[in-house]
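Colleague: Structure incoming, see below.
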Amino acid sequence: MSQCCQLCQQKLGCRAYTWDSFNGGTCWLKSATQPLSKVDPHGSGYSITGILSPSANETYTLNQTYAAPNFFDTWHFDDWGLTNVTKDVDKQTAQNLGMIGYQNGKVYIGLDHKNVYNTTGRPSIMLQTNYLYNSGLFVLSLDHMPTGPGTWPAFWTAGPNWPNHGEIDILEGVSNMTSNLVTIHVGDNCYEKANDSMFFTGTWNGEKTKPNQTIIFDIALCGSWVSQFIPGGEAACEEMVNKHPELYTEAYWLINYVKVFCKPNEPCGFYEPKCEFQC
């Protein structure tokens, strides 16, 4: 491996190298850094890949940190009417019901789990950043993700003209799912190039301009997808959400931080403050 590294350092344009068992051991010099891991096609196990230290133009640096004690100063509360019983509330209502706050230096965002409702739906929260991003490296550190019957929590991004400006579901699940579901939604004339490797190494085709997106936290309830996991379907789910607050004491986010990293000369996006509920 040390010989592979030396060869890459001496080769103009080489950014990474892979060693596998071909012909008794071969170094493959590459201009791309992905994929980092793949099955060795010439033997058993995996090939081994190394990456040269990136140049200054390719090094990500911290641009923004969303964390206590001023997390809620840099987001706006919104309501997309995602489901019949998801009633996203404004900041003042969320504070009055104890749905947001700080706990031991961490950010708390949760459902109202104290009150019974008839047909109005359970108060919830949708938060969006006041910054619109078109690039960047995003790091989320969590202590707790919302759980509970009929819950549909998500950490995602979306463009201002949804769905035409796209949606990236980064962390999402419903009800009693045990794994994360990562999804990319796009508008017309945008698609992913064919790629059959372990990691996506292609490019995106479509419009040359990059639509800006906000970061979003929300906790939706019920809906056609979620209700597939609830005996009795949508009606039973809505009844449970409205009448049984005790089931939603664990339906909260506990966030250490969200950090955004950008490359030099790539500002990631721009600041665009909004008032609550797109007023």
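Colleague: Heads up, I need the accessible area for Trp28: 1.4 angstrom probe, whole protein in place, Å², nearest 10.
Modeller: Roughly 100 Å² of Trp28 is accessible to a 1.4 Å probe.
Colleague: Do any of Lys87/Lys274; Lys30/Lys263; Lys30/Lys259 go past 27 Å between their Cα atoms, and which? The partial results should precede the final answer.
Modeller: Numbers: Lys87/Lys274 20 Å; Lys30/Lys263 22 Å; Lys30/Lys259 30 Å.
Going by Cα-Cα distance, Lys30/Lys259 fall outside the 27 Å limit.
Colleague: Another question, then. Under the Karplus relation 6.51 cos²θ - 1.76 cosθ + 1.60, θ = phi - 60°, what is the ordered set of whole-Hz ³J(HN,Hα) values for the stretch 66-77, x standing for Gly and Pro?
Modeller: 3J(HN,Hα) across the stretch 66-77, in whole Hz: 9, 6, 5, x, 10, 3, 6, 6, 10, 10, 10, 8.
Colleague: Work out the length of the dipole vector of the stretch 224-279 about its Cα centre, built from +1 on the beta-carbon of each Lys and Arg and -1 on the beta-carbon of each Asp and Glu, and round it to the nearest 20 debye.
Modeller: Numbers: 4 positive and 8 negative charges, 67 e Å.
Magnitude of the dipole: close to 320 debye.
Colleague: Note down the net charge around Asn115, summing +1 for each Lys or Arg and -1 for each Asp or Glu among other residues with Cβ under 13 Å from its Cβ.
Modeller: +2
Colleague: Normalise the Cα radius of gyration of the stretch 38-156 by 2.2 N^0.38 Å (N = residues in it) and let me know the number. Before the final figure, lay out the partial values.
Modeller: On the way: Rg = 20.5 Å, N = 119, 2.2 N^0.38 = 13.5 Å.
Its radius of gyration relative to the 2.2 N^0.38 Å reference: 1.52.
The values are calculated or read from the model by the stated rules, or taken from the named source; none is laboratory data. Predicted, not measured: the structure shown is a model, and the values here were computed from it. Positions of Cβ are backbone-derived with ideal geometry, glycine not excepted, and every protein chain shown enters the neighbour counts. All accessible areas refer to the heavy atoms of the entire protein, side chains included, with ligands and DNA or RNA removed. Shrake-Rupley method; radii C 1.70, N 1.55, O 1.52, S 1.80 Å.
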